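Here the structure is laid out as structure tokens; the discussion comes afterwards.
The values are calculated or read from the model by the stated rules, or taken from the named source; none is laboratory data. All of these numbers come straight from a predicted model, not from anything done at the bench. In this analysis, Cβ positions are derived from the backbone assuming ideal geometry, glycine residues included, and neighbour counts consider all displayed protein chains. These accessible areas exclude ligands, DNA and RNA; they are computed on the full protein's heavy atoms, side chains included. Shrake-Rupley method; radii C 1.70, N 1.55, O 1.52, S 1.80 Å.
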Amino acid sequence: MHTVAVLSLKGGVGKTTVALGVASAALRRGARTLVADLDPQGNATTSLDPPLTERTLADVLETPVRSVLERAIAPSVWSDQIDVLVGAEELEMLNEPDADNRRLENLSRALDELHTNPLREEPYELVILDCPPSLGRLTRSALVAADSALIVTEPTMYAVSGARRALEAIEKIREEQNPGLRPIGVVVNKLRVRSYEHQFRVAELRENFGPLVMPTAIPDRLAVQQAQGACSPIHEWHSPGAQEIALTFNMVLAKVLRSSRAGRHRVRGDEDVPEPETTEAPAKLSDTGTG
């Protein structure tokens with residue numbers, strides 16, 4: 001089971017779009033996947049449209065035991081191969097900036113339980129953590145629990161500083177709590193290939209982050225909003241724009257899976273937690289144009 005955190009420290013860059021796109025590519029590949037919605041806005045949960053659950057991820061972060069997990073995970077409307085660890089607005093109340101290590105490790109404990117004792121006979125091959133655009137407890141918990149991290153940005157003047165802060169956060173967690181964590185790429189979203197400004201910003205990202213910037217970008221297409229609004233995987237949305245984007249997500253997933261390593265890290269101090277009582281080519285970053 002490989003766990004990837006999808007993050008950005010700037011809102012509005014399409015982080016959830018990337019998380020859902022990778023999940024769609026995993027579904028097409030036949031990989032059983034869990035999407036954990038850590039963003040209090042709950043957009044991933046809305047697009048995956050699972051049935052109502054008795055518990056949510058907010059409960060799991062407070063009490064990471066199997067009985068709570070079982071009540072917080074549900075199949076998505078996409079397929080029974082894609083499950084959702086359901087998000088909730090209550091997550092915002094848990095997003096304190098200075099949570100202690102014990103609380104930061106609760107998500108990792110919960111995922112370790114799913115790895116050791118899968119909910120079904122077929123275990124998850126991939127877990128996608130959709131993080132909020134901030135560096136509070138929720139994103140830090142995801143980085144403690146993850147094997148790898150995928151940074152999402154857009155080609156704007158704030159792209160470099162946002163990506164740099166995200167990389168610094170990854171490095172800090174790697175040094176202090178999760179030595180196996182590694183950044184696997186910077187994904188550029190909402191690219192308009194004919195925009196000179198976008199090409200300038202992409203070049204700036206490449207200059208600063210080199211090969212971490214993925215060679216293909218996610219083009220700015222209406223198909224993304226259409227598919228999400230219809231609660232449909234982008235790979236099943238039949239338009240030229242959707243198929244172009246789907247190819248890009250296939251490449252992102254391939255890089256995620258290439259970064260996989262055997263097994264999961266274990267958090268320090270696994271004391272028992274008591275149970276509660278009750279078809280076009282993808283857009284290339286080297287493309288040029290004006291506009």
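Report, to the nearest whole %, how much of the accessible area of segment 2-262 belongs to carbon and sulfur atoms, 1.4 Å probe, protein only. Its accessible area is 51 percent carbon and sulfur atoms. Taking all Cα pairs closer than 8 Å and separated by 6 or more residues, the relative contact order of segment 1-146 comes to 39 percent.
Each residue of segment 44-49 is assigned a 3J(HN,Hα), and the resulting list reads 5, 4, 4, 6, 8, 6 Hz, derived from the Karplus form 6.51 cos²θ - 1.76 cosθ + 1.60 (θ = phi - 60°), x at Gly and Pro. Entry for segment 170-225 at q = 0.13, 0.26, 0.28, 0.29 Å⁻¹: log10 I(q)/I(0) = -0.45, -1.01, -1.08, -1.12, Debye formula applied to identical alpha-carbon scatterers, no solvent contribution. Scoring 149-156, 218-225, 11-18 by mean Cβ neighbours within 10 Å over their residues and listing the highest first yields 149-156, 11-18, 218-225. Compute the whole-percent fraction of alpha carbon pairs in segment 1-150 spaced more than 17 Å apart. Tail fraction, whole percent: 55. When the listed pairs K10/K190; K15/K190; K10/K255 are checked against a 19 Å cut-off, the alpha-carbon distance exceeds it for K10/K255. Kirkwood hydrodynamic radius of segment 113-261, from the reciprocal of the average inverse Cα-Cα distance over all distinct pairs: 16.9 Å. Average accessible surface for the chain: 42 Å² per residue, computed with a 1.4 Å probe over protein heavy atoms with every protein chain in place. Normalised by the number of residues in segment 2-262, the average gap of Cα pairs under 8 Å and 6 or more apart makes the relative contact order 26 percent. Across the chain the C-alpha pair distances fall into 10 Å bins from zero in the proportions 7, 31, 37, 20, 5, 1, 0 percent. Within the chain, DSSP assigns beta bridges of which about 15% are antiparallel (rounded to the nearest 5).
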